[in-house]
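The values are calculated or read from the model by the stated rules, or taken from the named source; none is laboratory data. Not measured: the values here are computed from a predicted model. Every residue, glycine as well, gets a Cβ built from its backbone with ideal geometry; the counts of neighbours run over all protein chains shown.
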Amino acid sequence: MEEENINKDETYEEVEGLDHDEDDSLGEYPIDTVLIRNENRTVHDVLRRIEKGSFVMDPDFQRDFIWEDDKQSKLIESVLMRIPLPVFYLSENEEGHMVVVDGLQRLSTFQRFVNKGFKLKLPKQLELHGKTFADLSAKMQNRVEDCNLTLYVIDAKVPQQALLDIFDRVNSGVPLTRQQMRNCLFSGRATRFMKEESNTNLFLQTTGQSLNRKNMRDREFINRFCAFQTLGLSKYKGDMDVFLADCLSNMNKMSSEDLKNLSSEFRTGLENNKVVFGRHAFRKHNEPNPGRKSVINASLWDVMSTGLSTFPESVVESKAGIIRHNFFGLMEDSDFLDSITLGTNQVNRVQQRFELTHSMLDDVLR
């Protein structure tokens, strides 16, 4: 896989053209469909299930959101002192696996301490400071492994929107974006696809490395492309969260060949946009070489990444000047400008920007 070295200290840009579907309600679905059951398991039992793959521990979160050593040590200290722990939330997926919704840092801490030789940093507890799990007495080892964990398991039949809302409410660790939630809840072929595509030189160059990687804004953009490309505009009903989640669920069932074709279309769309617009791809501008680069616009991304994904690169390159000229015409159209700036998740806005863009591209390329 082609990868780029990322400057981790880079300051990411804000993004334009994004609406947010989040609100404080639990959506338009019957209360009785929110099914959550209670289970009690020991640390030993949970770690055994993690090793077997029954519990899904997203490696992206383990890398980016792991607690500092002193906080992990205090958790183990609390267990050894028999202090009750907060409950854990898990979501059962269609395959019967348990996706950790809330408690990932705590379970990662148990895994690191019991299985990976993590040394406790507890300078005020000299009998524990610097010790690994193996260094503890049998009594203390049993106290860790026998620690009872209260698990609340969200049923696989819970509607996707409800799942995201519950996830949003119960997470007590590092606040997560909706894309981070989706990345955890729909872990599989789809999330691996997004991770791979987000690391290519082509994606990084075309987006100017301006999309925040830590909060998965980069993968959210790829998710948006895949949703409109695979599900189609007609399936969009006004809730972007549901649309993107449906896309990931669908992609997890796609064949390797279909995903390979999707990757090819995605990269064609990126390459064509780079050829036509250069460093101003997916950004508002109405002249070939504006002095200042505007921020990346998610709504422009939707229409231009998909719009140029099916045309041969040689054809697009030969007509790049005409495409730019007609694009600048769109940027002078108040209806189009509104559709990529205001209320961008509204169905009529989405339909309008797609129709205007595709009409423009068809005039030039067909």
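Listing for the model above:
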{"item": "Filter pass, Ser108 being more than 28 Å from the chain's Cα centre (by Cα), modelled with pLDDT of 90 or more and small (Gly, Ala, Ser)", "result": "no"}
{"item": "Unique residue being exposed (fewer than 14 other Cβ atoms within 10 Å of the Cβ), assigned by TED's automatic domain parsing to the domain that holds Asn223 and in a helix (DSSP H, G or I) when the list is Ser263, Ser249, Ser359, Ser305", "result": "Ser359"}
{"item": "Conditions (1) surrounded by fewer than 19 Cβ atoms within 10 Å (Cβ to Cβ); (2) over 28 Å from Ser249 (Cβ atoms); (3) of a type in the set (A, V, I, L, M): number failed by Leu35", "result": "(2)"}
{"item": "Residue identified as surrounded by 19 or more Cβ atoms within 10 Å (Cβ to Cβ) and among the polar types (S, T, N, Q) among Asn183, Asn148", "result": "Asn183"}
{"item": "When residues of the range 137-173 are limited to those that are among the basic types (Lys, Arg) and in a helix (DSSP H, G or I), the one nearest to the chain's Cα centre (by Cα)", "result": "Arg169"}
{"item": "Only listed residue being over 19 Å from Phe336 (Cα atoms) and within 20 Å of the chain's Cα centre (by Cα), chosen from Asn297, Asn252", "result": "Asn252"}
{"item": "Single condition Leu204 does not satisfy, out of (1) closer than 17 Å to Val15 by Cα; (2) crowded, with 22+ Cβ neighbours inside 10 Å", "result": "(2)"}
{"item": "Members of the range 229-244 found to be in a helix (DSSP H, G or I) and either crowded, with 18+ Cβ neighbours inside 10 Å or in contact (Cβ under 8 Å) with a residue 12 or more places away in the chain (or both), listed by number", "result": "Gln229, Thr230, Leu233, Met240, Asp241, Val242, Phe243, Leu244"}
{"item": "Filtered residues of the range 84-105 (kept if assigned to a loop (DSSP other than H, G, I, E, B), at pLDDT 90 or above and either of a type in the set (Val, Ile, Thr) or closer than 18 Å to Leu185 by Cβ (or both))", "result": "Val87"}
{"item": "Selected residue (only one of Arg217, Arg213, Arg224 is in contact with a helix residue (DSSP H, G or I) (Cβ under 9 Å, 6 or more places away or on another chain), over 18 Å from Ser309 (Cβ atoms) and either modelled with pLDDT of 95 or more or surrounded by 21 or more Cβ atoms within 10 Å (Cβ to Cβ) (or both))", "result": "Arg217"}
{"item": "Only listed residue being under 23 Å from Pro159 (Cα atoms), touching an Asp or Glu at 6+ places or on another chain (Cβ under 7 Å) and touching a residue at least 12 places away in the same chain (Cβ under 8 Å), chosen from Cys247, Cys184, Cys226", "result": "Cys184"}
{"item": "The lone exception for Ser264 - which of (1) at pLDDT below 95; (2) of a type in the set (Gly, Ala, Ser); (3) closer than 14 Å to Thr230 by Cα it fails", "result": "(1)"}
{"item": "Residues satisfying the stated conditions in the range 349-366, i.e. farther than 13 Å from Ser299 by Cα and not charged (D, E, K, R)", "result": "His358, Ser359, Met360, Leu361, Val364, Leu365"}
{"item": "Yes/no for Val350 being assigned by TED's automatic domain parsing to the domain that holds Asp218, farther than 23 Å from Tyr236 by Cα, surrounded by 13 or more Cβ atoms within 10 Å (Cβ to Cβ) and modelled with pLDDT of 95 or more", "result": "no"}
{"item": "Qualifying position, being touching a strand residue (DSSP E or B) at 6+ places or on another chain (Cβ under 8 Å) and either surrounded by 15 or more Cβ atoms within 10 Å (Cβ to Cβ) or in contact (Cβ under 8 Å) with a residue 60 or more places away in the chain (or both), among Ile340, Ile323", "result": "Ile340"}
